[in-house]
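The values are calculated or read from the model by the stated rules, or taken from the named source; none is laboratory data. Keep in mind it's a predicted model, so treat the numbers as computed, not measured. We place every Cβ from the backbone using ideal geometry, glycine too, and count neighbours over all the protein chains shown. SASA here: full protein model, heavy atoms, side chains in, ligands and nucleic acids out. Shrake-Rupley method; radii C 1.70, N 1.55, O 1.52, S 1.80 Å.
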Amino acid sequence: MNKSERVQFVIDTLESLYPSPPIPLDHKDPYTLLIAVLLSAQSTDARVNTITPLLFERADNPFEMITLSVEEIREIIKPVGLSPMKSKGIYGLSHILIDKYNGQVPDKIELLEELPAVGHKTASVVMSQAFGVPSFPVDTHIHRLMYRWNLSTGKNVVQTEKDARRLFPEELWNKLHLQIIYYGREYSPARGWNRDKDIITKTIGRKNLT
């Protein structure tokens, strides 16, 4: 297969496996999604989904969040890890949303990236999943699979995102990044990987992978 055929094989296979991929993080609006994505850094979606109900019961909007102290936020979110940085980020960005955006989450990626503890990937997820703007957030699963599938050099996530955006049609980005995440978890994990069960890598991937 040439590269365009390999790309189409990926699209077709993922569509057959995950025709309607759900958003992995529980949320009800852009603010709760932003907080959930921020919390998911170096943690698992499953763990975040056990903690966010406890946090959102106390505060599910920036106005309520700033009535909590950084220490109170940290105590609630401690199980997800990196709680000192994340609690300061949540408190700080909630203040900024109130002061600059009337408590609303901005729908421009460059404005999201200015918020404390919000990196490019977090901002991209919010743009994609809260506002429906075509984005291709690259997490560890997508980074690993794009390399395994020989669709990216895999040198860093910045390059992987550029390659993904170049290869895949823009109208598919928002759905496709979720499909790849689910595929990576189920068929192409970092540990305990079985190439024979990984139909995409087995069919189009690099031959020298172990």
* Structure fact -> Across W173, W149, W193, the residue with the highest GNM fluctuation in the chain (Cα network, 10 Å cutoff) is W193
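Kindly provide the helix-only [θ] at 222 nm of the chain, computed as the sum of -39,500 (n - 2.57) over DSSP H runs of four or more divided by all residues, to the nearest 500 deg cm²/dmol? Intermediate results must be reported in sequence, preceding the final value.
Numbers: 12 runs with 125 residues, N = 210.
For the chain, the value works out to -17500 deg cm²/dmol.
Plugging the Kirkwood radius over Cα pairs into Stokes-Einstein for region 1-133, at a temperature of 20 °C and a viscosity of 1.002 mPa s, what D comes out in µm²/s?
Values: Rh = 15.8 Å.
Reported coefficient: 136 µm²/s.
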* Structure fact -> Residue-normalised value, i.e. accessible area per residue, for region 11-57 at 1.4 Å probe, in Å², stands at 47
* Which cross-chain or sequence-distant (5 or more) residues have an amide H under 5 Å from the amide H of D139, H modelled 1.01 Å from N in plane? -> none
* **Most mobile of E113, E71, E57 in a GNM of the chain (Cα contacts under 10 Å)** => E57
* **Cα centroid separation - region 1-74 against region 111-174, whole Å** => 14
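Percent of accessible area on the chain owned by carbon and sulfur, 1.4 Å probe? Display every interim value, and only then the final one.
Working: 5460 of 10400 Å².
Answer for the chain is 52 percent, counting heavy atoms of protein chains only.
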* **Per residue accessible area of region 71-147, 1.4 Å probe, in Å²** => 45
* Structure fact -> Among S87, S40, S20, the residue with the largest mean-square fluctuation in a Gaussian network model of the chain built from Cα contacts under 10 Å is S20
* Could you pull out the trypsin sites (Lys or Arg not before Pro) across region 3-89 that fall in loop regions by DSSP (anything but H, G, I, E, B) with no more than 11 other Cβ atoms inside 10 Å? => K28
* **Mean Cβ neighbour count within 10 Å, used as a protection proxy, ranking 103-111, 119-127 highest first** => 119-127, 103-111
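Using the crude model of +1 on Lys and Arg Cβ and -1 on Asp and Glu Cβ, and no other charge, please compute the dipole size for region 17-102 relative to its Cα centre, in debye to 20. Mind dumping the intermediate values first?
Numbers: 8 positive and 10 negative charges, 50 e Å.
The dipole of region 17-102 has a size of about 240 debye.
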